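Q: Take a look at this one; I'll ask things after.
Readers should treat all values here as calculations from the given coordinates under stated rules, not as data from a laboratory. All values derive from a computational prediction rather than experimental measurement. As a convention, Cβ positions derive from the backbone with ideal geometry for all residues, glycine included, and neighbour counts pool all protein chains shown.
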Amino acid sequence: MKRVQSACILQTLVFAQKPEWGFSKEREREINREEFAHYKATLEKNKIRHQIDDVAEQEDGSLLVRVRKQYNDKTDISEYFK
């Protein structure tokens, strides 16, 4: 029988607006930054252990974010976090 001893979720997220919404490029960048800040605040509020590995702003104004998150709080996952 196998069991998961420890696990971590590695996600690549894109914060972007649809072009048909008609926002200016600067407004799109501002909204993307706000959404990312809200996402981080939600992780912290919910006490989800996480580590943001990379944040890159793309030419179109979207944010590309690589984040490592705790899968569950039942096991020691310190090996996944620096």
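Q: As I understand it, the dipole of the chain uses +1 on the Cβ of Lys and Arg and -1 on the Cβ of Asp and Glu, about the Cα centre. Which of 7, 65, 19 lies farthest toward its positive end?
A: 7
Q: Enumerate lysine pairs in region 10-72 that are 8 or more residues apart or on different chains, then count those whose Cα atoms are under 26 Å apart.
A: Taking region 10-72 as the scope, the lysine pair count is 5.
Q: Right, here's the next one. Given that compact globular proteins tend to follow 2.2 N^0.38 Å, what is the ratio of the alpha-carbon Rg of the chain to that value?
A: 1.35
Q: For residue 25, what is the net charge nearby, where nearby means another residue's Cβ is under 12 Å from its Cβ and Lys, Arg count +1, Asp, Glu -1?
A: -4
Q: Just in region 12-82: which GluC sites (Glu not before Pro) are loop by DSSP and have at most 12 other Cβ atoms within 10 Å?
A: When the GluC sites (Glu not before Pro) of region 12-82 are filtered for loop state and at most 12 Cβ neighbours within 10 Å, 59 remain.
Q: Could you put 65, 4 in order, starting from the residue whose Cβ has the fewest other Cβ atoms within 10 Å?
A: Arranged by neighbour count, lowest to highest, 65, 4 become 4, 65.
Q: Calculate how steeply helix 25-45 sits against the longest principal axis of the alpha-carbon atoms of the chain, using the helix alpha-carbon long axis, and give the answer as 0 to 90 degrees to the nearest 10.
A: 20 degrees
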